[in-house]
Structure formats: structure tokens, C-alpha cells
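Q: Structure in C-alpha cells, see below.
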Amino acid sequence: MASIFGFRSRDPARDRQNDVSRLDRLAKLFEQVTAEIEAERDGLENRYRTKATNAAFLVEAMENGSASERRSSEVSALTKSILDCERRIAALSRQNGMMKEVRHSLDMVFDENSDSAGTAEFARPAGAGRG
């Protein structure tokens with residue numbers, strides 16, 4: 001497209017293609033980070049359950065007299081570990097929520113761009129959906 005001033009603008013379809021490509025890369029990055037957060041949280045929750053079970057059995061054994069009182073330091077260590085796990089799980093849950101919000105914002109930007117572009121010839125970014 002040329003004007004009388006010699007300024008050439010790019011084809012809107014090419015702009016749209018660049019936008020979709022950029023948004024697709026962002027969507028994939030957000031999905032990768034979300035998967036990392038969820039994997040860490042899942043692994044931590046498994047370790048948390050194991051530690052909680054071990055602590056419960058140890059306390060019960062101490063109460064029944066089948067474990068010595070000197071193992072109370074072990075109970076303290078397990079308790080600290082359990083509290084640390086709870087804090088980290090809460091932090092990961094907040095991060096996961098934030099990633100979902102950011103991902104939703106990306107969808108909103110895509111929707112705004114597709115409305116203003118007025119074309120539907122390009123697909124939504126990978127993994128783009130209504131979240």
C-alpha cells in the first residue's frame with residue numbers, strides 16, 4: 001500500500017500473523033511455567049503427606065511408650081518440615097492463581113486484537129481458550 005507521501009504500511013494480515021505468533025509464544029511459556037508450578041506443588045504435597053504420616057506414627061509411638069522421648073527432636077524436625085511444606089504449597093498455589101490470571105489476560109488481549117483486526121483467518125494462540 002503506497003500513499004502520495006511515499007509511506008508504505010504493512011499488510012494488516014501480516015501484522016495479525018505477527019501478533020498471533022507472539023501471543024502463541026507467550027501462551028506456550030505461561031503453560032510451561034504453570035506445568036512447572038503444578039509439578040512442584042504435586043511433588044511437595046506427596047512429601048508433605050509422607051512427613052505428616054511419619055510424624056503422626058512417631059507421636060503415637062511416643063505416647064504408647066514404644067519410642068523413646070529422645071525422638072522428640074525428630075518430631076520437632078518433622079513439624080518444622082511440615083510447616084515449611086505448608087508455606088511453600090501456599091506460595092505455589094498463589095503463583096498458580098497468578099499464572100491463570102495472566103493467562104486469562106493474554107486471552108483478553110488476543111480477543112481485543114481479533115475484534116479490532118476484523119479478520120478470523122488466523123487461529124487463536126496454542127492453548128488459548130476461555131479460562
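The values are calculated or read from the model by the stated rules, or taken from the named source; none is laboratory data. None of these values were measured; they are calculated from a predicted model. With ideal geometry, Cβ positions are generated from the backbone for all residues, glycine too; neighbour counts draw on all protein chains shown.
Q: Select from the stretch 1-48 the residues that are of a type in the set (Lys, Arg), under 29 Å from Glu74 (Cα atoms) and under 15 Å from the mean Cα position of the chain (by Cα) and list them in ascending order.
A: Of everything in the stretch 1-48, just one residue is of a type in the set (Lys, Arg), under 29 Å from Glu74 (Cα atoms) and under 15 Å from the mean Cα position of the chain (by Cα), namely Arg41.
Q: In addition: What are the residues in the stretch 95-104 that are surrounded by 16 or more Cβ atoms within 10 Å (Cβ to Cβ) and among the basic types (Lys, Arg), if any?
A: Once the filter is applied, which keeps residues that are surrounded by 16 or more Cβ atoms within 10 Å (Cβ to Cβ) and among the basic types (Lys, Arg), the stretch 95-104 yields only Arg103.
Q: Still on this model: Considering each of Glu86, Glu101 in turn, give the residue that is touching a Phe, Trp or Tyr at 6+ places or on another chain (Cβ under 9 Å), in a helix (DSSP H, G or I) and either farther than 30 Å from Lys28 by Cβ or not aromatic (Phe, Trp, Tyr) (or both).
A: The match here is Glu86.
Q: At pLDDT below 95 and surrounded by 11 or more Cβ atoms within 10 Å (Cβ to Cβ) - does that describe any residue in the stretch 87-94?
A: Checked against the condition, which is being at pLDDT below 95 and surrounded by 11 or more Cβ atoms within 10 Å (Cβ to Cβ), the stretch 87-94 yields no hits at all.
Q: Going through the stretch 6-35 one residue at a time, which ones are of a type outside the set (A, V, I, L, M), under 15 Å from Ser105 (Cβ atoms) and free of Cβ contacts under 8 Å to residues at least 40 places away in the same chain?
A: Arg22
Q: Loosely packed, with under 12 Cβ neighbours inside 10 Å and within 30 Å of Lys80 (Cα to Cα): which single residue out of Asn46, Asn54, Asn18 fits that description?
A: Just a single option satisfies the conditions, and that option is Asn46.
Q: Let me ask something else. Of the numbered conditions (1) of a type outside the set (Lys, Arg); (2) out of contact with any Gly (no Cβ under 8 Å at 6 or more places or on another chain); (3) surrounded by 15 or more Cβ atoms within 10 Å (Cβ to Cβ); (4) at pLDDT below 90, Asp107 fails exactly one; give the number of that condition.
A: Only one criterion is unmet by Asp107, namely (2).
Q: Would you check which residues across the stretch 48-74 are hydroxyl-bearing (Ser, Thr, Tyr) and within 19 Å of Arg88 (Cα to Cα) and list them?
A: Tyr48, Thr50, Thr53
Q: A follow-up question, please. State whether one or more residues within the stretch 49-60 are farther than 17 Å from Ser76 by Cα and over 20 Å from the mean Cα position of the chain (by Cα).
A: Checked the stretch 49-60: no residue is farther than 17 Å from Ser76 by Cα and over 20 Å from the mean Cα position of the chain (by Cα).
Q: Just give me the residues in the stretch 76-89 being within 26 Å of Asp42 (Cβ to Cβ) and not basic (Lys, Arg), in sequence order.
A: Ala77, Leu78, Thr79, Ser81, Ile82, Leu83, Asp84, Cys85, Glu86, Ile89
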